[in-house]
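The values are calculated or read from the model by the stated rules, or taken from the named source; none is laboratory data. This one's a predicted model, so the numbers in the text were calculated from it and none came from an experiment. Every residue, glycine among them, receives a Cβ derived from its backbone with ideal geometry; neighbour counts consider all protein chains shown. Ligands, DNA and RNA are excluded from the accessible area calculation, which covers all protein heavy atoms including side chains. Shrake-Rupley method; radii C 1.70, N 1.55, O 1.52, S 1.80 Å.
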Amino acid sequence: MTSEERLRYAATVTGFMPVEEGLALYELARSLPVGATLLEIGAWCGRSSVFLGAGAAERDGVLFSLDHHHGSEENQQGWDYFDPVLVDPHDGRLNTLPVWQHTIAEAALEAVVIGLVGESTLVGSRLHLSFDLVFIDGGHGTEPAWNDYHTWAPRVRPGGVLAIHDVFENPLDGGRPPYEIYLRALEEGFSLRSVCGSLRVLERLA
Ligand code: MG
């Protein structure tokens, strides 16, 4: 499958990533060194996994896609981002894993995108890898956002990229935690490389 086909498909996958920002992720992934190792935190139904995976595939890279697949706080019933179609009738919980798997198969990315199913901090306590790119787009509450930052930002290799989604300077546009971890990253050795919508792309100084 060509990248063009993958990108067209990504735009049809259920999710919250605007196409323009998804394309920015794709460009970012394909700008990494050959054989790069990427990590995304927060996969949902695989929309951003395909944007990133399409770029990684061009460079013989691998994308680890981490999610417990039971949805973040803001995805649960009664919240704005709840989708009843994704509830498992057996236990009444959200389960995006079957849809995510379908998405990766449809995009012919099973040899590029590897699912990690579990809690971010638990996975991080045992998985000792460094990454060419870390993309944080998991839970947007204070605790999950800071856990993801503290667990994974230090794993960005020198010269590598940290991308954060849903960063809003203006509180009227969205929640604070992604913006707060973005500010912390700027204080902790990362510099801003580019902006697209609410996507902030930072680089770890070598
Ligand atoms: Mg997001």
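Data for the structure
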{"read-out": "Matching strands (runs of 3 or more DSSP E) fully within region 106-205 where at least 1 residues are open to solvent by 10 Å² or more (accessible area, probe 1.4 Å) and over 14 Å from residue 40 (Cα atoms)", "value": "156-164, 190-196, 199-204"}
{"read-out": "Where a residue in region 11-22 is in contact (Cβ under 8 Å) with a residue 60 or more places away in the chain and over 12 Å from residue 52 (Cβ atoms) and its partner, wherever it lies, is small (Gly, Ala, Ser) and within 11 Å of the ligand (Cβ to nearest atom), with Cβ under 6 Å and at least six apart", "value": "18/197"}
{"read-out": "Residue 58 being charged (D, E, K, R) and touching a Ser or Thr at 6+ places or on another chain (Cβ under 7 Å)", "value": "yes"}
{"read-out": "From the options 76, 101, residue that is open to solvent by 20 Å² or more (accessible area, probe 1.4 Å) and within 20 Å of residue 145 (Cα to Cα)", "value": "76"}
{"read-out": "Condition broken by residue 89, with the remaining ones in (1) more than 29 Å from residue 4 (Cα to Cα); (2) assigned to a helix (DSSP H, G or I); (3) free of Cβ contacts under 8 Å to residues at least 24 places away in the same chain satisfied", "value": "(2)"}
{"read-out": "Number of the exception - residue 203 against (1) within 16 Å of the ligand (Cβ to nearest atom); (2) in contact with a Lys or Arg (Cβ under 9 Å, 6 or more places away or on another chain)", "value": "(1)"}
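Quick grid of which residues meet (1) under 20 Å from residue 25 (Cα atoms); (2) within 16 Å of the ligand (Cβ to nearest atom):
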| site | (1), (2) |
| --- | --- |
| 104 | yes, no |
| 130 | yes, no |
| 135 | yes, yes |
| 156 | yes, no |
| 170 | no, no |
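Let's see how each residue does on (1) within 13 Å of the ligand (Cβ to nearest atom); (2) touching a residue at least 60 places away in the same chain (Cβ under 8 Å):
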| residue | (1), (2) |
| --- | --- |
| 28 | no, yes |
| 40 | yes, yes |
| 43 | yes, yes |
| 49 | yes, yes |
| 54 | no, no |
| 61 | no, yes |
| 67 | yes, yes |
